[in-house]
Amino acid sequence: MTTQDTTSTRSSMRPWLAAAMVATVALLAPSLAQAQAASAAAQRETMNVGDEPGRISTEETIIRDGPYARQLVFFRSNDPPGTLVIHTSERFLYYVLGNNRALRYGIGVGREGFQWSGLVKVSRKAEWPDWTPPPEMITRQPYLPRFMAGGPGNPMGARAMYLGSTVYRIHGTNQPETIGQSISSGCFRLANGDVIDLFSRTNVGAKVVIRHSAQL
Amino acid sequence: MKHRVEKLACVAMALGLSACATVENLTPTASRSPASGSYETLPADRLIGKWGMASYREEKDRARTERIARQCRQPYVIAKGPTDGVMMHVADDSQQYELALKRARDGKTYLGFATPPGDPQDREIVSMTDKEMIMRFVDPDANTRYGTFIYVRC
């Protein structure tokens, strides 16, 4: 189960938790193809990042409990510290710390047909990014503004890290209960408090590895 | 006969739009609109048309939000209603309703159902000209979630 906490208290780090599982996945992970979208439909200027724009999630919201809580884990990797490794099928994002350690964050990922894999870099970072609902969302919810400047009700959440030249981003959310689910159009979402933490650690140019699924 | 109903001088202040309400050239009409009641209704014809629609929360974002609304991407279409109102949406509801412009005793103008002006489902008209309208939801929750709307005529 996943719960959220609206306090500003950071989650406690639990070193070496789930070490065996993570190590196994890291060792057996597949080689990476170049970044490519899984679906042509996912290639659009805007993103469908949820069905409830306007909902509020404060920037302090973090995942406190359960597997999707931010935590320090054993993570065997040859990638340099600062690399982001996303395991779509596990709904985890790893921030590589080096020395076989990583910070693990729970994420929401693309729904079926909108998941992808690749190797990209963080091309840009933005605080409280703007949001442009995609046309199909406007069709379903015609009362939505066609552009929403960044803010607490914005589905893009508190921070965004843009992935290369793709339309995809790692961003916050105003729906933290969707962490661990697959409902986006290919973006990766974290609770606002968690994405703020990740944002503060991540530099523009950071390597981002997206693994669609672990192959055992 | 048209006359200027209301034109309040806007004073730049930290609260931004909340202190600036201008609705030009609207003439009260007989209560034949969907908002008939013991208050004035105003002709809503000038709302009819296609509008670029965007929202913002902080005053610093207003200018660029206005520029984006001016691009008229996926314009919001306001049509004339069966009576004197216009067909529009309310917050969080994909159904269109006939809404009317209503004048409150304090001079503020609202857009909404046949309820007294200032109803929680109303929008407050912050400013309105032939080319641009600025509105916000009366309901504090909806206002917080969606921010202030700018409509720019396409």
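The values are calculated or read from the model by the stated rules, or taken from the named source; none is laboratory data. Just so it is clear, the model here is predicted, and its values are computed rather than measured. Note that each Cβ is placed from the backbone with ideal geometry, even for glycine, and that neighbours are counted across all protein chains shown.
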- Identify the residue in the stretch A:168-185 that is assigned to a loop (DSSP other than H, G, I, E, B) and within 16 Å of A:K125 (Cβ to Cβ) and, among all such residues, is farthest from the other protein chains (Cβ to nearest Cβ). A:Y168
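On the given criteria, is B:Y76 under 18 Å from B:A54 (Cβ atoms), at pLDDT 95 or above and touching a Pro at 6+ places or on another chain (Cβ under 9 Å)? Walk me through how you get there before you give the answer.
Numbers: under 18 Å from B:A54 (Cβ atoms): yes; at pLDDT 95 or above: yes; touching a Pro at 6+ places or on another chain (Cβ under 9 Å): yes.
Yes: the conditions hold for B:Y76.
Every residue, every condition in (1) of a type outside the set (A, V, I, L, M, F, W, C); (2) out of contact with any Leu (no Cβ under 8 Å at 6 or more places or on another chain), yes or no:
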{"position": "A:A160", "(1), (2)": "no, yes"}
{"position": "A:I170", "(1), (2)": "no, no"}
{"position": "A:T173", "(1), (2)": "yes, no"}
{"position": "A:T178", "(1), (2)": "yes, yes"}
{"position": "A:Q181", "(1), (2)": "yes, yes"}
{"position": "A:F188", "(1), (2)": "no, no"}
{"position": "A:A191", "(1), (2)": "no, yes"}
{"position": "A:D194", "(1), (2)": "yes, yes"}
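Out of the residues in the stretch B:98-110 meeting the condition of being touching a Gly at 6+ places or on another chain (Cβ under 9 Å) and touching a residue at least 24 places away in the same chain (Cβ under 8 Å), tell me which one is nearest to the other protein chains (Cβ to nearest Cβ). Reasoning before the result, please.
To start, the set of residues in the stretch B:98-110 that are touching a Gly at 6+ places or on another chain (Cβ under 9 Å) comprises B:98-102, B:104, B:106, B:108, B:110.
After this cut, where a residue has to be touching a residue at least 24 places away in the same chain (Cβ under 8 Å) as well, the list is B:98-102, B:104, B:108, B:110.
Working: B:E98: 15, B:L99: 12, B:A100: 18, B:L101: 18, B:K102: 19, B:A104: 23, B:K108: 22, B:Y110: 17 Å.
The selected residue is B:L99.
Would you point out which residue out of B:R64, B:R46, B:R70 is surrounded by fewer than 23 Cβ atoms within 10 Å (Cβ to Cβ), within 9 Å of chain A (Cβ to nearest Cβ) and of a type in the set (D, E, K, R)?
Values: B:R46 fails: within 9 Å of chain A (Cβ to nearest Cβ); B:R70 fails: within 9 Å of chain A (Cβ to nearest Cβ).
Sole residue among the options that is surrounded by fewer than 23 Cβ atoms within 10 Å (Cβ to Cβ), within 9 Å of chain A (Cβ to nearest Cβ) and of a type in the set (D, E, K, R): B:R64.
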- Item | Candidate set from the stretch B:75-91 (those that are buried (at least 18 other Cβ atoms within 10 Å of the Cβ) and not hydrophobic (A, V, I, L, M, F, W, C)); member that is nearest to B:A114 (Cα to Cα) | B:G85
- Message: Which count do you get for residues in the stretch B:49-61 that are more than 9 Å from chain A (Cβ to nearest Cβ) and within 18 Å of A:Y143 (Cα to Cα)?
- Response: 3
- The correct count of residues that are buried (at least 24 other Cβ atoms within 10 Å of the Cβ) and in contact with a Pro (Cβ under 7 Å, 6 or more places away or on another chain) in the stretch B:109-126 is 1
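Mind listing just one residue for me: the one in the stretch B:111-141 that is part of a loop (DSSP other than H, G, I, E, B) and within 14 Å of chain A (Cβ to nearest Cβ) and, of those, nearest to B:E40 (Cα to Cα)? Before you say what the answer is, go through the steps one by one.
Within the stretch B:111-141, the subset part of a loop (DSSP other than H, G, I, E, B) is B:113-122, B:129-131, B:138-139.
Cutting the leftovers down to within 14 Å of chain A (Cβ to nearest Cβ) gives us B:121, B:139.
Working: B:Q121: 18, B:D139: 21 Å.
This residue is B:Q121.
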- Item | Given (1) in a loop (DSSP other than H, G, I, E, B); (2) without any contact (Cβ under 8 Å) to a residue 60 or more places away in the chain; (3) under 18 Å from the mean Cα position of the chain (by Cα), number of the condition A:G151 does not satisfy | (3)
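So that you can scan it fast, the table gives a plain yes or no per residue for (1) small (G, A, S); (2) under 26 Å from A:D197 (Cα atoms):
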{"residue": "A:E112", "(1), (2)": "no, no"}
{"residue": "A:L119", "(1), (2)": "no, yes"}
{"residue": "A:V122", "(1), (2)": "no, yes"}
{"residue": "A:W128", "(1), (2)": "no, yes"}
{"residue": "A:T139", "(1), (2)": "no, no"}
{"residue": "A:P145", "(1), (2)": "no, no"}
{"residue": "A:G150", "(1), (2)": "yes, yes"}
{"residue": "A:M156", "(1), (2)": "no, yes"}
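Suppose we filter A:L163, A:L144 for residues that are within 14 Å of another protein chain (Cβ to nearest Cβ) and either over 17 Å from the mean Cα position of the chain (by Cα) or surrounded by 21 or more Cβ atoms within 10 Å (Cβ to Cβ) (or both); which single one remains? Step through it out loud before you land on a result.
Values: A:L163 fails: within 14 Å of another protein chain (Cβ to nearest Cβ).
None of the other options fit; the residue is A:L144.
From A:Y95, A:Y105, grab the single residue that is touching a strand residue (DSSP E or B) at 6+ places or on another chain (Cβ under 9 Å) and buried (at least 23 other Cβ atoms within 10 Å of the Cβ). Walk me through it before giving the result.
Numbers: A:Y95 fails: buried (at least 23 other Cβ atoms within 10 Å of the Cβ).
Of the residues listed, the single one that is touching a strand residue (DSSP E or B) at 6+ places or on another chain (Cβ under 9 Å) and buried (at least 23 other Cβ atoms within 10 Å of the Cβ) is A:Y105.
B:T144 - would you say it is surrounded by fewer than 18 Cβ atoms within 10 Å (Cβ to Cβ), within 11 Å of another protein chain (Cβ to nearest Cβ), hydroxyl-bearing (S, T, Y) and closer than 29 Å to A:E127 by Cβ? It would help to see each step written out before you state the result.
Values: surrounded by fewer than 18 Cβ atoms within 10 Å (Cβ to Cβ): yes; within 11 Å of another protein chain (Cβ to nearest Cβ): yes; hydroxyl-bearing (S, T, Y): yes; closer than 29 Å to A:E127 by Cβ: yes.
The answer is yes for B:T144.
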- Search the stretch A:119-141 for residues being within 25 Å of A:G164 (Cα to Cα) and β-branched (V, I, T), and hand back the single one that is farthest from the other protein chains (Cβ to nearest Cβ). A:V120
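Tally the residues that are basic (K, R) and outside any strand (DSSP E or B), restricting the search to the stretch A:186-216. So that I can check it myself, show each step before the final result.
Going residue by residue through the stretch A:186-216, those that are basic (K, R) are A:189, A:201, A:207, A:211.
Of the ones still in play, those that are also outside any strand (DSSP E or B) are A:201.
Count: 1.
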